[in-house]
1. Would you kindly give the portion of the calculated P(r) for region 343-391 that falls above 13 Å, as a percent of all Cα pairs?
2. Let me spell out the model: positive unit charges on the Cβ of Lys and Arg, negative unit charges on the Cβ of Asp and Glu, origin at the Cα centre of region 339-411. What dipole size does that give, in debye rounded to 20?
3. Within the set Lys248/Lys293; Lys273/Lys400; Lys157/Lys325; Lys246/Lys416, which residue pairs have Cα atoms separated by over 23 Å?
4. Counting other C-beta atoms within 10 Å, which of Ser338, Ser223 has the fewest, and how do the rest follow?
5. If you wrap a convex hull around the alpha carbons of region 140-421, what volume per residue comes out, as a whole number of Å³?
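Values quoted throughout were computed directly from the atomic coordinates according to the rules given, and no laboratory measurement underlies them. Everything quoted here is computed from the prediction, not taken from an experiment. Glycine also receives a Cβ, built like all others from the backbone with ideal geometry; neighbour counts cover every protein chain displayed.
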Amino acid sequence: MAGEQFRKRRATDNTSQNNPSPKKRKSTSTRKIAPNFPSFFYDELSEVPLTVDTLRELDRRTEERVRNIKTAVSTTRSLLRFSRRGGPDLRHLRGFPSPKPSSAIMEKTPSSISCRSRVTQSTRATGVSSRSGRSSAYDKGFQQHLIDYGIYPNGYKAGDGRPTFEPSDLDNIQEALLYAKRASLSLSNFTQLAFQDFKSKNNRVTFKSDVISTIIPVICGDSRIHSQQNVLFTELEPITSTDAVKPKPDFFDGAFLVDVNEDIRNDIVLRRKVIPTKHHSVPVASNFFMEVKGPDGNASVAQRQACYDGAYGARAMHALQNYGKAEPEYDGYVKTYSSTYHPATGSLQLYAHHITAPVSGSGGRPEYHMTKLCGFDMTNNRATFVQGATVLRNARELAKEHRDQVIQAANEKAAKAKEQSDKRDQESASWQDAHDALQEELAETCEH
């Protein structure tokens, strides 16, 4: 009996070995990645480039068109089946007068519906794309978007034959950057051994965060300039459209919030161009920016990000410079700088940004221009590192000078306006007191 049970058990085991349970097949489906921007973003581009993002948008539209066709076919079949059975009983509507269109229906014109739809899409898109930190958000499509809004990258030539606008003070800027020496970079303070250490660190970086934490501090050196890293600018008015990504510089300089007059800080229009976040410790009126990439990052993306950052900085400086003026003035001077660094090539690039008056057909928007100042191979030898670091540190100092000047001038205007307002209030109060005293005197005279 026991032997028979043993044989049955062995037979069962052999059967299970010969017919093992099938393994679960791994899913081969891939998650679909949505485009960085809503549909109307691509509709507004004057020229749509061939990028991964535009292909995603094409796939999305194709799928939507196929889905609509299937829905239409299904609806048509239902109507045919319904009509074959005689359709609805409409005898109760005989002799009923035609309804008059209401004013509410008349107001819903196609243009107004389209406008509201666009606003809804824009609001929804802001929540997605504005928080996106992906480099793909800064592809060629985004560059075309900037150009369409009058924000021109370095070397851009307009198709209508207009000349490229260079800063009015370009020669003076380059001279100030190149020829001012830095004692901190002398041979006694920055030795050959220090350069070799920098080069080793540069070769070891893997991620963008490594570049920000280990490489940029060496290039920038010790400084008391108020700076911050990797902050999303959530409170600034969009410089293009609401569906565009919000700036998020890897490194930027600015002023302390308390350095800006309280009346300026409370000015709704001005604060949305000058104060980037709700955090009091984050620099304001930023006009120096730096964008970096990891060893495998895209240098073109870094340049587009710097162009975008610089436009926001130039707008902030221009807003402060024209505070209290009836009409804005455009002097064509540089007051904003940006820089990019790529560790794979050791390339440090420096750019200037300036703003010019609106041209016809621009919708009243000013134009922003990016101009390359110089570039350096920071890993070539100690001499090239010193040249590049010198120019970068001088640019930060020069940006601080510009920033301090426009803030001081704006503060003086705000203080003067406050003084005049207080004086008018005091005169008005004095007149009111005199008027009240006269009325009391007349009342007493009448009583006697």
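1. For region 343-391, the fraction of Cα-Cα distances above 13 Å is 64 percent.
2. Here region 339-411 has a charge dipole of around 100 debye.
3. Going by Cα-Cα distance, Lys157/Lys325; Lys246/Lys416 fall outside the 23 Å limit.
4. Ser223, Ser338
5. 134
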